[in-house]
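Q: Mind having a look at this structure? Questions to follow.
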Amino acid sequence: MAKAVDLSVPSSNSKIRVHTGLFINNEFVPSVDNPDPINVFNPSTEEFLCAVAAASERDVDIAVAAARKAFRETWGKNVSGFERSRLINKLADLIERDKQTLAELECLNNGKPVKIARDFDISDSVGCLRYYAGWADKILGQSIEIDHKAKIAITHPEPIGVCGQIIPWNYPIQMWAWKVAPALAVGCTIVMKPSEITPLTALKLSELVKEAGFPPGVINTIPSLGPVGGASLAAHKGIDKVAFTGSTITGRKVFEAAATSNLKKVSLELGGKSPHLIFESANIEQAANWAALGILYNTGQDCTAGSRLYVQDTIYDKFVPILAAKAKELVIGNGFDERSGGGPVVSKTQYDRVWSYIESGKKEGANVLIGGEKRSEPGYWVDATIFTDVRSDMKIVKEEIFGPVLSVGKFHTEQEAIDLANDTTYGLAAGLHSTDQAQCHRVSSALEAGTV
Amino acid sequence: MSTTTFTYQFESQTFTGNVSFPTGVFIDGKFSAGSKGTTIDVINPSTGKVVTSIAEGTPDDVNRAVKAAKRAFDESWGLKVPGSQRGKLLNKLADLFEQHSDELAALEALDNGKTFNWAKAADVAASIGVLRYYAGWADKIHGQVIETHEDNLAYTRHEPFGVVGQIIPWNFPVMMVSWKLGPALATGNTVILKPSEFTPLSALRVCSLINEAGFPPGVVNVVVGYGNTVGQAISEHLGIDKVAFTGSTLVGRKIMEAAAKSNLKNVTLELGGKSPNIVLNDADLDLAINWSVHGIFWNHGQTCCAGSRIYVQSGIYDEFLRRFTEKAKSLKLGDPFAKDSYQGPQVSQIQFDRIMGLVDAGKKEGATVHLGGERHGNEGYWIQPTIFTDTKPDMRIVQEEIFGPVAVVIKFEDEEDALRQANDTLYGLAAAVFTTNLTKGIQFAHKLQAGTAWVNCVNSLQPNVPFGGYKQSGVGRELGEYALQNYSNIKSVHVNLGQVIQF
């Protein structure tokens, strides 16, 4: 299955050509031994888009061997930082050139609106590539004083080697850029497994990798089922480092596989149940805007989504209706419709998952303030849903939903807010709104999260 | 205010094409005549003839430029523009340099006399690399967050100075533009640049590229004028917060003095050198000879870090001198635009006279002219590659920077003595050692009192490795991350988050 397919762009005469093979050594090739493809769907319409090759373990071996050869011969220490910088900048230029096409393809496969994919996801991706292109010739070690006589000591930062990268389906292009940019900048080669739900833009970007002039084998793209390709990368003895973005549950498996195989380096970017605190001194209008954005952006399919909102009791009755009104303003619809500010959730599996949480919220006694009702039309739609009167032990409060579903609670004192916020096994992000500077500092210090 | 256009038809083995671009005093994105309406002649050192005249900038023009630069800093540059945008514009400027490489190289060859091939492969290529390197830094200007105690948030900000003055020399005209603009613009400063009055053409060409790249007006201003008028005005200007100078140590002192007397503006200087090049008995002789030739004869010896004092250990002295001389003899002097020329003329009559004056002093003081020592040809400012031997340490040709294709080759016996002689200079810009014993090479590098120590190479620079002088060769470092410090004002911010005091 190394053929190309042409996908139609809705409400236009254009078509987007997608190569459906595995991208190894700068060529699209079929799987060597897996005849079963991955079927790719449009979440706005539930329609089949195309089938792409699914990498088997053997394909992963081939891709890893290609990346290793490139690391030994044409990349790694064989290429200067200046040259790496030039190539990464060139790739950024090409993505910028093709941003409309890439945005349309992203919309077809992921559902997010074209204009958001283009002006946010892709713009951010281009910026990210350019940022790391700038670092490529600035990888500094240190010279360290020993005794000025018998010994000089220097630290020499070196590329780790072949990196397996496993990315999710919520920001296909952007996650691709966040992974490839720094890895390439320091001289690593890559075997990239895009999500089997959203492989198309990664395949399209692979064409640009070749056009930019990266030597064969530097970046390889192998769509694959998680339990096959993902597991294989995590356990592969020929890979020096695995980077994974996705759910915490899968992250554990990656970590474990790395440990039991060759102790490869691991970096994980996992889930969150990020708290959002609104203190009484906050600018209510602005805070409501941010709170709405926090849970609705990307239809809530964001690891840092502010999915638990805690409002100080003195402003609760004023704040919540304002928030609800703003949330209702978001138009969730087909991404090719200019009016859409958000799209569907990405797949049937996600759709079922999010709705089961909504049902559980109702069952456990939370109050549905807005949303909570399924649409009848085709497409994996979830409208903005806000639960109030929540308790800490409810599933909707404890578990990551990954949809536009917000739980709203109340607090009295600052310490209570902090305790509520930190009462989670997650710690990806946290937000607070206050015009009291000292409070802002105190609370941000106290919040146990990687981004405040 | 009228502008003039410089038009020139190039027709040669290496470049054939027409250039045409506006010249003048470049302030606030526009070209104009200088305030006095006077002009400076631009002379082609290959012929000694005037090629064109360009507007002479004056202290009044500097005042006008400072106003424009200040306004631009307050409104459309500095911290009003994110680093990523500053980086984008610097990259765009690099793209334009690349698109116009041939043109810029041809202007260098015409104005400075260096060969077109060297100008393109070295000067212009390096300029592009430097601009791109600093483009990459623009969005990575980081201060620190420093732990003190929980009631206190302490951090540093690296802010741009504001308006900076930059005075550059004639030996690498366009490359010096890139070394100066790169870090200054990346960090958010606005600039008043004074190119050398001897070689203004490439900098003037760059002015149009600055506009084309999209820098807001006033961010870069270029005022061609004399050192004692425009250079002095910049150094003593109360509205300029920092001055960076590359040139002679003599003038560097004047700049530092003017800065001290006016507003104590921050000063960085990249000055002269008399860099030693030590060749040990166990050197790879081929390597040492080829690099040594590059060390003193490249760019006609008009390089601040030239390896102009060559110390050769006695075991290989005769062999080295013989083959070094052979190589020097084989260098092709000729028209900068000819395909096979290695060396063009010196940049000006003044420089020619100065170099020949020192050569004559060498002869008078009793050194042996082993090779050269005379003018080459009878048109333009060519000087023969010259080698002096049998020198004494106190001779002028051993002490003073000649800045021409004149090497002094000195025999030594003992390594410690070579090191002592090498360091026995007011200068400290660079130094080189040739040896196949790497441990020894590194030990020498550590003991040489120079800002750049080369082991088994000379005159070899990279955009990301710092460069600057010990002792009277300068203050501060250019290139690399270090150059950012030259253009950053460090502010410490202490935010009290709860500490209460009583009286």
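Q: Return the residues of segment A:112-159 for which accessible area with all protein chains present is lower than in the chain on its own by 40 Å² or more; set the probe to 1.4 Å and exclude ligands, DNA and RNA.
A: A:Tyr131, A:Trp135, A:Asp137, A:Lys138, A:Leu140, A:Ile152
Q: Taking 31 Å as the cut-off for C-alpha to C-alpha distance, list the pairs among B:Lys265/B:Lys392; B:Lys120/B:Lys180; A:Lys77/B:Lys88; A:Lys77/B:Lys92; A:Lys90/A:Lys273 that go past it.
A: B:Lys265/B:Lys392; A:Lys90/A:Lys273
Q: For B:Met176, B:Met256, give me the order by solvent-accessible area with a 1.4 Å probe, most accessible first, ignoring ligands, DNA and RNA.
A: So the residues, ranked largest to smallest area, are B:Met256, B:Met176.
Q: Another one. Heavy atoms only, 1.4 Å probe, whole protein assembly: order B:Lys114, A:Lys374 by accessible area, highest first.
A: From most exposed to least exposed: A:Lys374, B:Lys114.
Q: OK, next. Please work out the C-alpha center-to-center distance from segment B:73-145 to segment A:229-281 and express it in whole Å.
A: One Cα centre to the other: 41 Å.
Q: Can you give the longest run of chain B that contains no GluC sites (Glu not before Pro) sitting in a DSSP loop with at most 13 other Cβ atoms inside 10 Å?
A: That would be B:151-373.
Q: At what distance in nm do the modelled label points of A:Gln415 and B:Glu326 sit from each other, each positioned 7 Å from its Cα along Cα→Cβ?
A: 8.9
Q: Another question about this same structure. Where in segment B:135-154 does accessible area fall by at least 40 Å² between the isolated chain and the complete protein assembly, at a 1.4 Å probe radius?
A: Hits at the 40 Å² cut-off: B:Trp137, B:Lys140.
Q: State the answer as a single residue: which of B:Ile355, B:Leu131, A:Thr413 lies farthest towards the positive end of the charge dipole of the protein assembly as shown, with beta carbon charges of +1 for Lys and Arg and -1 for Asp and Glu, about the Cα centre.
A: B:Ile355
Q: Return the sequence-ordered ³J(HN,Hα) values of segment B:33-39 in whole Hz as given by the Karplus equation 6.51 cos²θ - 1.76 cosθ + 1.60 applied to θ = phi - 60°, using x for Gly and Pro.
A: Result, rounded to whole Hz: 6, x, 4, 9, x, 8, 10.
Q: Oh, and also: Sort A:107-114, B:277-284, A:69-76 for me by packing, meaning the mean count of neighbouring Cβ atoms within 10 Å per residue, highest on top.
A: Those peptides, ordered most packed to least, come out A:107-114, B:277-284, A:69-76.
Q: Scan around B:Val279 for amide H atoms under 5 Å from its own, H built in the peptide plane at 1.01 Å from N, and keep only partners 5 or more places away or cross-chain.
A: For B:Val279, the qualifying residues are B:Tyr311, B:Val312, B:Gln313, B:Phe434.
Q: Something else: If each DSSP helix of 4+ residues adds -39,500 (n - 2.57) and the sum is divided by the residues in chain B, what number results at 222 nm, nearest 500 deg cm²/dmol? Please list the in-between numbers first.
A: Numbers: 15 runs with 173 residues, N = 503.
Only helices count here, giving -10500 deg cm²/dmol.
Q: At a 1.4 Å probe radius, carbon and sulfur cover how many percent of the accessible area of the protein assembly as shown?
A: Working: 19920 of 38450 Å².
Here it works out to 52 percent.
Q: Additional query: Given a 1.4 Å probe, how much area per residue of chain B is accessible, in Å²?
A: Spelled out: the 1.4 Å probe surface of chain B, per residue, equals 39 Å².
Q: State in Å² the accessible area per residue of segment A:4-269; use a 1.4 Å probe, count heavy atoms of protein chains only, and round to the nearest integer.
A: 41
Q: What does a probe at B:Val50 reach in segment B:12-32, counting residues whose amide N is under 13 Å from the point 7 Å along Cα→Cβ?
A: So the set is empty, nothing qualifies.
Q: Next question. Taking 0.36 nm per intervening residue step and subtracting the Cα-Cα distance, what contour gain separates B:Ser314 from B:Leu250 on full extension?
A: That pair, B:Ser314 and B:Leu250, stretches by 19.5 nm at full extension.
Q: What do you reckon, how do A:Ile160, A:Ile239 stack up by accessible area (1.4 Å probe), largest on top?
A: From most accessible down to least: A:Ile160, A:Ile239.
Q: Using +1 at the C-beta of Lys and Arg and -1 at the C-beta of Asp and Glu, which of B:Cys304, B:Ser460, B:Ser262 has the Cα lying farthest in the positive direction of the dipole of the protein assembly as shown?
A: Result: B:Cys304.
Q: So, R0 is 51 Å and r is the distance between the beta-carbons of B:Glu379 and B:Asp60; what FRET efficiency does that work out to, to 0.05? Walk me through the intermediate numbers first.
A: Values: r = 38 Å, r/R0 = 0.75.
After rounding, the FRET efficiency stands at 0.85.
Q: Based on the Cβ-Cβ distance of A:Asn39 and A:Ala150, what FRET efficiency does E = 1/(1 + (r/R0)^6) give at R0 = 45 Å, to the nearest 0.05? List each step's numbers first, then the result.
A: Values: r = 66 Å, r/R0 = 1.46.
Once rounded, the FRET efficiency stands at 0.10.
Q: Treating only the Cβ of Lys, Arg, Asp and Glu as charged (+1, +1, -1, -1), what charge dipole size does the protein assembly as shown show about its Cα centre? Round to the nearest 20 debye.
A: 680
Q: If you don't mind, another one. Between the alpha-carbon centers of segment A:335-405 and segment B:158-236, tell me the distance in whole angstrom.
A: Value for the Cα centre distance between the two parts: 59 Å.
Q: With a 1.4 Å probe on protein heavy atoms only, tell me which residues of segment B:448-491 lose at least 10 Å² of accessible surface in the complex relative to the chain by itself.
A: B:Gln462, B:Pro463, B:Asn464, B:Glu481
Q: Please compute the modelled spin-label separation between B:Ile350 and A:Lys348, points set 7 Å along Cα→Cβ, answer in nm with one decimal.
A: The modelled label-to-label distance comes out at 8.3 nm.
Q: Now, a different point. In debye to the nearest 20, how big a dipole does segment A:4-269 give about its Cα centre with +1 on each Lys and Arg Cβ and -1 on each Asp and Glu Cβ? Kindly include the intermediate steps, with their values, before the conclusion.
A: Values: 29 positive and 29 negative charges, 149 e Å.
Once rounded to the nearest 20, the dipole reads 720 debye.
Q: If you take the square roots of the eigenvalues of the alpha-carbon gyration tensor of the protein assembly as shown and sort them as a ≥ b ≥ c, do you get rounded (a/c under 1.5), prolate (a/b over b/c) or oblate? Don't jump to the answer; show the numbers that get you there.
A: Details: a/c = 2.15, a/b = 1.86, b/c = 1.15.
Here the protein assembly as shown falls in the prolate category.
Q: According to a simple spin-label model (label point 7 Å from Cα along Cα-to-Cβ), what is the distance in nm between B:Glu365 and A:Glu364?
A: Distance between the two pseudo-spin positions: 8.9 nm.
Q: Give, rounded to the nearest 20 debye, the magnitude of the charge dipole that chain B has about its Cα centre when Lys and Arg contribute +1 at Cβ and Asp and Glu contribute -1 at Cβ.
A: On the way: 45 positive and 51 negative charges, 158 e Å.
It comes to approximately 760 debye.
Q: When the Cα centres of segment A:121-178 and segment B:421-475 are compared, how far apart do they sit, in Å?
A: So the two Cα centres are separated by 30 Å.
Q: Put +1 on the Cβ of every Lys and Arg and -1 on every Asp and Glu Cβ in the protein assembly as shown; which of B:Gln346, B:Val191, A:Ile219 then has its Cα farthest towards the positive end of the dipole?
A: B:Gln346
Q: Same structure again: For chain A, what does -39500 (n - 2.57) per DSSP helix run (n ≥ 4), summed and divided by total residues, give at 222 nm, in deg cm²/dmol to the nearest 500?
A: -12000 deg cm²/dmol
Q: Given a 1.4 Å probe and no ligands, DNA or RNA in the count, how much accessible surface is buried by B and A, both sides, to the nearest 100 Å²? It would help to have the intermediate numbers written out before the result.
A: Details: alone 20120 and 19630 Å², together 38450 Å².
When B and A are taken together, about 1300 Å² of accessible area is lost.
Q: On to the next question. Rg and Dmax of segment A:275-446, Cα atoms, in Å?
A: Answer for segment A:275-446, Rg first and Dmax second: 15.6, 50 Å.
Q: Let me ask something additional. At 1.4 Å probe radius, can you tell me the per residue accessible area of segment A:364-426 in Å²?
A: Per residue, segment A:364-426 has 46 Å² of solvent-accessible surface.
The values are calculated or read from the model by the stated rules, or taken from the named source; none is laboratory data. Please read these numbers as outputs of a predicted model, since none were measured by experiment. Heads up, the Cβs are rebuilt from the backbone with ideal geometry, glycines too, and the neighbour counts pull from every protein chain shown. Please note that ligands, DNA and RNA were not included when accessible areas were found on the heavy atoms of the full protein model with its side chains. Shrake-Rupley method; radii C 1.70, N 1.55, O 1.52, S 1.80 Å.
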